[in-house]
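Have a look at the structure below before the remarks.
The values are calculated or read from the model by the stated rules, or taken from the named source; none is laboratory data. These numbers were taken from a predicted model, which means no experiment stands behind them. No Cβ is skipped: glycine too gets one built from the backbone with ideal geometry, and neighbour counts run over all protein chains shown. Remember, those area values only see protein heavy atoms, side chains included, never the ligands or the DNA or RNA. Shrake-Rupley method; radii C 1.70, N 1.55, O 1.52, S 1.80 Å.
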Amino acid sequence: MTRKYAALAASVAALSLGGCADSRTASDAVAPSVSATRSPELNTRHVFHTKEFYAKSNSARPSTSTGISFHGGTVIASSATKVVAIYWSSAPIYAGAPASGFNTANGAGDESLIGSFLSSLGGSAYYNINKTYYDAAKTSVPGTVTYSGFWAVGNNPPNAAPTDADMVTLLQNGFSTGKLVYDPNTVYAIFTGAGVNLGGGFGSQYCAYHTHGTVNGNQTVLYAAMPRNQDYVSGCTSQFASPNTDVAANSEVNTLGHEIEETTTDAMGNAWYDNRGYENADKCAWTWGTTATAPTGGTYNMVLGGKYFLVQQNWINSGSGGCTLS
């Protein structure tokens with residue numbers, strides 16, 4: 001995601017190329033340029049902007065390189081990326097999601113569309129795009145994702161506008177009480193319900209973001225802010241008819257995939273991005289590739305775990321690069 005710096009407390013794969021969001025318009029001219037020598041600040045957000053921000057044209061696809069570079073930073077490549085879902089609400093946010101309780105072994109008990117997506121993402125042709133990225137030791141990103149648990153925080157709902165400090169406090173509480181297990185290669189995805197301005201700029205600036213904080217004294221924790229995208233239909237959803245009965249969860253899955261991909265390939269904001277600061281999923285934001293109509297109606301572009309999903313394309317780091325679904 002574009003490199004927007006903010007204080008923490010302040011707020012191979014098949015080369016089937018599709019259209020990509022990789023040209024510049026007046027709306028994204030404000031995006032900062034990031035050079036290979038610029039080190040990200042310690043406390044940063046890497047935000048998935050609203051649809052209005054990103055360019056829609058595919059005319060700027062590079063002809064001699066992939067258009068994205070490695071800057072020597074942190075990539076989750078030595079092991080599979082793990083994901084923990086944290087449902088921060090006094091009631092289920094999505095149909096089938098747990099209302100309270102936790103599971104630190106796996107995602108069993110999460111019957112939501114979010115849970116299904118997380119359980120099916122790893123090993124898919126779509127996620128294998130990330131195998132074209134690597135760390136400083138030239139170790140490629142594995143094509144696997146593990147849904148390693150959830151925590152439904154039913155007795156401590158968030159306020160109307162939780163800050164990053166609030167989110168880190170929540171995570172620390174989870175680790176201290178055994179509701180969460182700390183792991184440096186885990187993306188802790190924090191979901192909130194309707195009306196919650198998670199991070200303070202939801203809807204006006206971004207639809208989600210990934211960042212990091214410090215817990216347990218000196219350990220870095222990777223987390224993603226996942227507010228309810230359906231609150232901002234025009235800016236944070238595809239606006240296509242949903243192929244699933246849970247429209248809000250279908251919209252959320254798109255941004256969730258984006259954040260998992262970018263945390264994996266640019267965990268600390270110092271690894272993979274282009275000369276504008278765009279991370280891999282940013283370069284294809286809000287593009288869908290080949291779509292079809294699901295048997296139940298609605299638009300989809302992939303089937304995972306027997307369910308239909310509409311998820312943005314990702315940038316393949318092979319050949320001349322490009323946006324693709326596999």
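Observations on the structure shown:
- Residue within the stretch 215-224 that is open to solvent by 40 Å² or more (accessible area, probe 1.4 Å), under 30 Å from Ser78 (Cα atoms) and assigned to a strand (DSSP E or B) present: yes
- Thr186 over 18 Å from His49 (Cβ atoms), among the polar types (S, T, N, Q) and open to solvent by 60 Å² or more (accessible area, probe 1.4 Å): no
- Close contacts from the stretch 254-266, counting a first residue that is among the aliphatic types (A, V, I, L, M) and a second that is part of a helix (DSSP H, G or I) and buried (at least 24 other Cβ atoms within 10 Å of the Cβ), with Cβ to Cβ under 8 Å and a gap of 6+ residues or different chains, come to Leu256/Ile114; Leu256/Phe117; Leu256/Leu118.
- Strands (runs of 3 or more DSSP E) lying entirely in the stretch 232-325 (those with 1 or more residues that are more than 24 Å from Gly195 (Cα to Cα), among the aliphatic types (A, V, I, L, M) and open to solvent by 10 Å² or more (accessible area, probe 1.4 Å)): 302-304
- Verdict on Val181 being closer than 30 Å to Asn128 by Cβ, part of a loop (DSSP other than H, G, I, E, B) and modelled with pLDDT of 95 or more: yes
- Within the stretch 113-126, the set of residues being out of contact with any helix residue (DSSP H, G or I) (no Cβ under 6 Å at 6 or more places or on another chain) and within 18 Å of Tyr188 (Cα to Cα) comprises Gly115, Ser116, Leu118, Ser119, Ser120, Gly122.
- So Ala77, is it farther than 16 Å from Glu259 by Cβ and surrounded by fewer than 19 Cβ atoms within 10 Å (Cβ to Cβ): no
- Residues located in the stretch 138-153, provided they are surrounded by 17 or more Cβ atoms within 10 Å (Cβ to Cβ) and over 19 Å from the mean Cα position of the chain (by Cα): Ala152, Val153
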